[in-house]
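This report concerns only the one structure given below.
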Amino acid sequence: MRIVVSEAAFDVGAEAAAFAAGRTDTGAIVTFTGVVRDTGADALEAMEIEHYPGMTETALSDIAERATARWSLGDVLVIHRYGRLVPGEMIMMVATAARHRRDAFEAAEYLMDYLKSRAPFWKREITAEGAGWVAARDEDEKALDRW
Amino acid sequence: MDVLYFAWVRERIGLPRETVETDAGTVAGLVDELRAREDRYAAAFADISALRVAVDQELSDFDASLDGVREVAFFPPMTGG
């Protein structure tokens, strides 16, 4: 299990390759990458991500451990950035390795659902019109019900 | 104990963290004390249903005991991913 909380950019390809390297009992690797998206009416200049140092790492480890306890996984990777990002930049990545694809897919979705609303990150959008905190969405909270 | 604020809670109060001397037995009691201090605290804690709390870096609730607690953090619902 590898948990990375960092301001620095990461290389999705290199991370995926390193995660996959040397596995002989893994039939499935799922990777998900979150990207800063500009969808609003006001052009997004940047996204600022704040986090709670100390708690963030613990919360991500707990979520990854719960996924490992629930599905048969060979390994889990979670990378999440903080600081100022611009549209097109990678915010975060999860990867799961399992013998079978269903475990890998479901565990990756579980990680994403919990990470959305249980890991202490907060996003602030900066546009030409000003800045505002991104509100949590009810759907994200409801997404936890299925687990 | 150390009290930490994040995101718009931090902005409203104007501080990322402070040390607070309190006799409050629960998080809710601490919130009442903070609210009574100044308008900026009252504004930040106006609607606690819009807030989340972590006690010693674990998500908790407003009924949680402060017995032996070193760090309490207040913040809006998280928006990771």
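The values are calculated or read from the model by the stated rules, or taken from the named source; none is laboratory data. What you are looking at is a predicted structure, and each value in this text was computed from that prediction instead of being measured. Neighbour counts run over all protein chains shown; Cβ positions are idealised from the backbone, glycine included. Heavy atoms of the whole protein, side chains included, go into the accessibility calculation; ligands, DNA and RNA do not. Shrake-Rupley method; radii C 1.70, N 1.55, O 1.52, S 1.80 Å.
Touching a strand residue (DSSP E or B) at 6+ places or on another chain (Cβ under 9 Å) and part of a helix (DSSP H, G or I), is that true of A:Thr31?
No, not satisfied.
May I ask you to list pairs of residues, at least six apart or on different chains, whose Cβ atoms are under 7 Å apart, with the first in region B:1-29 being more than 14 Å from chain A (Cβ to nearest Cβ) and under 16 Å from B:Arg52 (Cβ atoms) and the second being loosely packed, with under 15 Cβ neighbours inside 10 Å and at pLDDT 95 or above?
Short answer, once both residue conditions are applied: B:Ile13/B:Arg40; B:Thr26/B:Asp63; B:Thr26/B:Ser65; B:Ala28/B:Asp63.
Taking region A:107-147 as the region of interest, how many residues are surrounded by fewer than 19 Cβ atoms within 10 Å (Cβ to Cβ) and over 27 Å from B:Arg12 (Cα atoms)?
7
Does any residue of region B:60-81 turn out to be within 21 Å of A:Asp140 (Cα to Cα), surrounded by 16 or more Cβ atoms within 10 Å (Cβ to Cβ) and among the aliphatic types (A, V, I, L, M)? First the steps, then the outcome.
Looking only at region B:60-81, we keep the residues that are within 21 Å of A:Asp140 (Cα to Cα), and these are B:60-61, B:74-81.
Next, only the ones that are surrounded by 16 or more Cβ atoms within 10 Å (Cβ to Cβ) stay: B:60, B:74-81.
Among the residues that remain, those that are also among the aliphatic types (A, V, I, L, M) are: B:78.
Yes, there is a match, as at least one residue in region B:60-81 is within 21 Å of A:Asp140 (Cα to Cα), surrounded by 16 or more Cβ atoms within 10 Å (Cβ to Cβ) and among the aliphatic types (A, V, I, L, M).
Anything in region A:1-50 that is surrounded by 14 or more Cβ atoms within 10 Å (Cβ to Cβ), closer than 21 Å to A:Ala131 by Cα and over 15 Å from the mean Cα position of the chain (by Cα)? List them, or say none.
Within region A:1-50, A:Asp38, A:Leu44, A:Glu45, A:Ala46, A:Met47, A:Glu48 meet the criteria.
Quick check on B:Arg40: is it at pLDDT 95 or above, in contact with a Lys or Arg (Cβ under 7 Å, 6 or more places away or on another chain), surrounded by fewer than 19 Cβ atoms within 10 Å (Cβ to Cβ) and under 16 Å from B:Leu4 (Cα atoms)?
yes
How many residues are within 11 Å of another protein chain (Cβ to nearest Cβ), on the phi > 0 side of the Ramachandran plot and at pLDDT 95 or above when one looks only at region B:49-81?
2
Filtering region B:7-25 down to residues that are over 22 Å from A:Glu50 (Cβ atoms) and surrounded by fewer than 16 Cβ atoms within 10 Å (Cβ to Cβ), which residue is modelled with the lowest pLDDT? Give the derivation first.
Kept after step one, since they are over 22 Å from A:Glu50 (Cβ atoms), are these residues of region B:7-25: B:21-25.
Still in the list and also surrounded by fewer than 16 Cβ atoms within 10 Å (Cβ to Cβ): B:21-23, B:25.
Numbers: B:Glu21: 95, B:Thr22: 94, B:Asp23: 90, B:Gly25: 97.
Checked region B:7-25; the qualifying residue modelled with the lowest pLDDT is B:Asp23.
Can you tell me which residue among A:Thr33, A:Thr58 is under 30 Å from B:Ala73 (Cα atoms), free of Cβ contacts under 8 Å to residues at least 24 places away in the same chain and within 14 Å of chain B (Cβ to nearest Cβ)?
So the residue among A:Thr33, A:Thr58 that is under 30 Å from B:Ala73 (Cα atoms), free of Cβ contacts under 8 Å to residues at least 24 places away in the same chain and within 14 Å of chain B (Cβ to nearest Cβ) is A:Thr58.
Out of the residues in region B:43-59 that are in contact (Cβ under 8 Å) with a residue 24 or more places away in the chain and part of a helix (DSSP H, G or I), state the one that is least open to solvent (accessible area, probe 1.4 Å).
Result: B:Ala44.
So A:Met55 clears everything in (1) out of contact with any helix residue (DSSP H, G or I) (no Cβ under 9 Å at 6 or more places or on another chain); (2) open to solvent by 50 Å² or more (accessible area, probe 1.4 Å) except one condition, right? Which one?
So the condition that A:Met55 fails would be (2).
Quick test for you: out of A:Ala67, A:Ala95, A:Ala128, A:Ala143, pick the one residue that is among the hydrophobic types (A, V, I, L, M, F, W, C), out of contact with any Cys (no Cβ under 8 Å at 6 or more places or on another chain) and within 14 Å of chain B (Cβ to nearest Cβ).
A:Ala143
Only one of these conditions is not met by A:Tyr114: (1) closer than 25 Å to B:Trp8 by Cβ; (2) not in a helix (DSSP H, G or I). Which number is it?
(2)
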